Amino acid sequence: MSTTLSNRMATVKMSPTTALFTKVEELKCKGEDIVSLNVGEPDFPTPDNIKEAGIKAINENFTRYTTGNGIAPLREAIIEKMKKDNGVTYEMNEVAVMVGAKQSLFCALCAVAGEGDEVIIPYPCYVSYPDIVTLAGAKPVLVKRNDDFSLDLEAIENAVTEHTKAVIICTPDNPTGKVYSEDDLRGLSDLAKAKDFFVISDEIYEKIIYGENRHISISSFEGMKDRTVVVNGFSKTYSMTGWRLGYLCARADVIGAAVKVQSQTTTTPPSISQYAAVEALRGPQDSVELMRSEFEKRRDYVQEKLRDIPGVVCHDIQGAFYAFFDIREFLGKEYEGYGLIENDSQFCEYLLEKYHVAMMPGSAYFAPGFVRISFASSMEVLKMATQRIALGLNAHKC
Ligand SMILES: Cc1ncc(COP(=O)(O)O)c(C=O)c1O
């Protein structure tokens with residue numbers, strides 16, 4: 001007998017975004033004036049029509065367990081959305097509502113991968129993918145993306161083994177803001193069909209997309225519906241992070257297995273949130289466009305200000321609400337009143353301590369030498385923050 005922790009826990013990290021969020025909140029409680037660019041959530045309130053639907057659900061006593069895969073009206077609304085946006089037709093047993101996109105990812109991975117299986121994750125990637133794969137009992141296999149953050153299809157093909165069960169992609173992407181091109185997605189779908197693996201397609205930022213860029217779901221390609229697990233949710237599009245609601249669309253057996261995991265963990269997704277989500281999908285969509293266009297203005301501003309700093313490289317931000325910029329030019333230098341800064345984590349600590357700006361180090365996303373900031377903050381905050389970042393970067397001694 002032993003009271004030690006499980007071996008699996010030794011290989012799972014606390015989410016670095018959650019850890020930094022906690023640290024920043026503690027500093028704010030101590031009265032520190034911190035500009036938080038670390039958090040990945042829209043700063044807008046949940047639209048009123050959705051809030052009212054939640055209040056109505058409470059008043060009408062929809063406050064109990066629901067069916068394990070989510071209420072029928074919500075699954076119907078998701079089916080309508082998938083048909084309209086992606087041109088893919090799902091049946092009621094091919095959709096399941098879960099406690100956020102994150103739990104959807106976990107249940108989906110438990111459904112398709114386990115001991116002895118491998119899951120390929122092109123990186124830079126969302127912080128949680130490797131740990132969710134590990135929690136599911138499978139092995140994450142990290143494969144570098146090209147320098148412009150497009151998919152390196154050759155590297156993915158080389159990483160495929162007889163144990164490969166899935167590749168996880170995110171488009172529009174957190175942290176890089178990349179929207180995968182049709183060619184990249186077609187290349188990956190050809191590979192998935194040839195080598196017989198699933199694609200777990202995280203599409204949570206699908207509506208936060210800029211300029212000429214268009215969201216394409218890989219599930220819409222010929223022969224891909226049955227080998228794609230679409231992960232989506234309400235957190236980003238409808239500014240509903242605290243309502244904890246996401247969903248999966250996939251083959252009925254995958255959905256059935258994912259719902260088994262949910263039934264043995266959270267039982268059901270939250271009832272009140274599900275009624276609010278029906279209104280989110282079926283009600284007026286103007287708030288979605290209002291938020292998107294506001295994000296686009298901020299994207300333009302932040303991208304320009306970062307590019308104005310000589311030495312910083314900031315790729316085109318095509319979607320989501322993050323700037324992921326390269327600060328390698330600024331590492332290995334002494335900073336005024338601070339000392340030597342050798343890596344992105346030290347740089348983020350320095351900026352937090354000296355300039356009170358909280359940012360995520362790129363190494364959290366397996367991209368050392370980069371920094372991620374969220375521009376889901378007001379223009380005033382972003383003006384102050386970009387000034388402080390420029391001051392911090394320029395405070396090095398030659
Ligand atoms: C790429 C990506 N997937 C999933 C999630 C989780 O979203 P949810 O709040 O729906 O669990 C996030 C949240 O930041 C994310 O950035």
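The values are calculated or read from the model by the stated rules, or taken from the named source; none is laboratory data. The structure presented is a predicted model; accordingly, all values stated were derived computationally and were not measured. Positions of Cβ are backbone-derived with ideal geometry, glycine not excepted, and every protein chain shown enters the neighbour counts.
Values computed for the structure shown
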read-out: Single condition PHE44 does not satisfy, out of (1) away from the ligand (no atom under 16 Å from the Cβ); (2) over 26 Å from PHE221 (Cβ atoms); (3) among the aromatic types (Phe, Trp, Tyr); value: (1)
read-out: Among the candidates VAL179, VAL259, residue that is away from the ligand (no atom under 11 Å from the Cβ), touching a residue at least 12 places away in the same chain (Cβ under 8 Å) and in a helix (DSSP H, G or I); value: VAL259
read-out: Subset of the range 98-127 (residues that are within 11 Å of the ligand (Cβ to nearest atom) and at pLDDT 95 or above); value: MET98, VAL99, GLY100, ALA101, LYS102, GLN103, SER104, LEU105, PHE106, CYS125, TYR126
read-out: Scan of the range 291-322 for residues that are without any contact (Cβ under 8 Å) to a residue 24 or more places away in the chain and among the hydrophobic types (A, V, I, L, M, F, W, C), ordered by number; value: VAL313, CYS314
read-out: The range 140-161: number of residues that are more than 16 Å from the ligand (Cβ to nearest atom), touching a residue at least 24 places away in the same chain (Cβ under 8 Å) and either buried (at least 24 other Cβ atoms within 10 Å of the Cβ) or closer than 24 Å to ASP226 by Cβ (or both); value: 6
read-out: Test set (1) more than 16 Å from the ligand (Cβ to nearest atom); (2) at negative phi; (3) at pLDDT 95 or above - THR67 fails condition number; value: (3)
read-out: Single match in GLN274, GLN303, GLN285 (criterion: out of contact with any helix residue (DSSP H, G or I) (no Cβ under 9 Å at 6 or more places or on another chain) and closer than 22 Å to ALA57 by Cβ); value: GLN285
read-out: In the range 1-21, the residues that are surrounded by fewer than 10 Cβ atoms within 10 Å (Cβ to Cβ) and either part of a helix (DSSP H, G or I) or among the polar types (S, T, N, Q) (or both); value: SER2, THR3, THR4, SER6, ASN7, ALA10
